[in-house]
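Read the structure below first, then the notes.
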Amino acid sequence: MRSAIAFLPLLALAACGGDGGNASAPVTSSTPVANVAPPAGKQWVDVVSKTAEGGYIQGNPAAPIKLLEYGSRSCPTCGRFAAEGVEPLRQKYVSTGKVSYEFRDFLVHGAPDLSLALLNQCAPTEAFFPILDQMFANQEAFYKRTDELQKSNPQQLQQLQQLPAPQAAAGFAEALGHIEFMKQRGIPDARARQCLSDQKTIQAIAKVNADATTEHGVSGTPSFFINGKQVEASMWSQVESALQAAGAR
């Protein structure tokens, strides 16, 4: 596994690259689910809201087929799904109104993940998914910054790892270029730092992680659920097959 994700987890002990082996029986439907018209003047892919469970949902919030991903922005397998699957997911399924897509944070790599999660939520709700996409697309640049930090200042890296998670997140945000990344997307430096120290959001993200583990058995990323049942999938082809089996065809 790449050095960029070799941090000691500070909020969660988990793995990247699988569903954790807790998959349920697949959701199946013998008949296709009908399309649902979007609100007047809108497209479903532009409809985004925050969920009571602490995630962000794109598409019809009342869609009969609900896809949930527990993901980590520093997880290469999640990045591959974002690169290969998110666009066809939106265009072929979310746009029809019969499938919604929800993303919830699962911090498999501790403070660096927390930094990105806090900064992503710093943006307006409607910008959550565009920025999430860009964070995944920028994984290689974040990896490079991490490699440079490990080589040039391993003592700083060790010090950051020993801090409490919120302070470590702010330190990694500075060291790995997360604050600059957000500045380029319209979030001023002062606002980004404020979000990094937002205790309410930190606690909410921690609760999402705790609930994922205790209530849903999540132990790694990406982990996918359809209508509340975990599916054995980490790649887009597997997720698409599960969606079609559930009636999205």
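Each value in this text was obtained by applying a stated rule to the coordinates, not by laboratory testing. Keep in mind that this is a model prediction, so the values were computed, not measured. Quick reminder, even Gly has a Cβ in these numbers, built from the backbone with ideal geometry, and neighbours come from all protein chains shown.
Net charge near GLU102, counting Lys/Arg +1 and Asp/Glu -1 over other residues with Cβ under 12 Å of its Cβ?
Around GLU102, the charge tally is 0.
In the chain, what % of DSSP beta bridges are antiparallel (nearest 5)? Antiparallel: roughly 60 percent of the beta bridges in the chain.
Computed from the alpha carbon atoms alone, the convex hull of segment 64-115 holds 71 Å³ per residue.
Structural descriptor for segment 138-215: relative contact order 23 percent, calculated from alpha carbon pairs under 8 angstrom and at least 6 residues apart.
Which of MET135, MET235 comes first, and how do the rest follow, when ranked by fewest Cβ neighbours within 10 Å?
Lowest count first: MET235, MET135.
On the beta carbon distance between GLU87 and ASN227, with R0 = 30 Å, the FRET formula returns roughly 0.85. Using just its DSSP H runs of length 4 or more, each adding -39500 (n - 2.57), the chain gives a mean residue ellipticity at 222 nm of -12500 deg cm²/dmol after division by all residues. Other residues lying with their Cβ under 13 Å from the Cβ of LEU243 contribute a combined charge of +4, Lys and Arg counting +1, Asp and Glu -1.
Taking other residues whose beta carbon is less than 14 angstrom from the beta carbon of LEU132, and scoring Lys, Arg as +1 and Asp, Glu as -1, yields -2. Computing Rg and the Kirkwood Rh from the Cα coordinates of the chain gives a ratio, Rg/Rh, of 0.97.
Relative contact order for the chain: 37 percent, from Cα pairs under 8 Å spaced at least 6 residues apart, divided by residue count.
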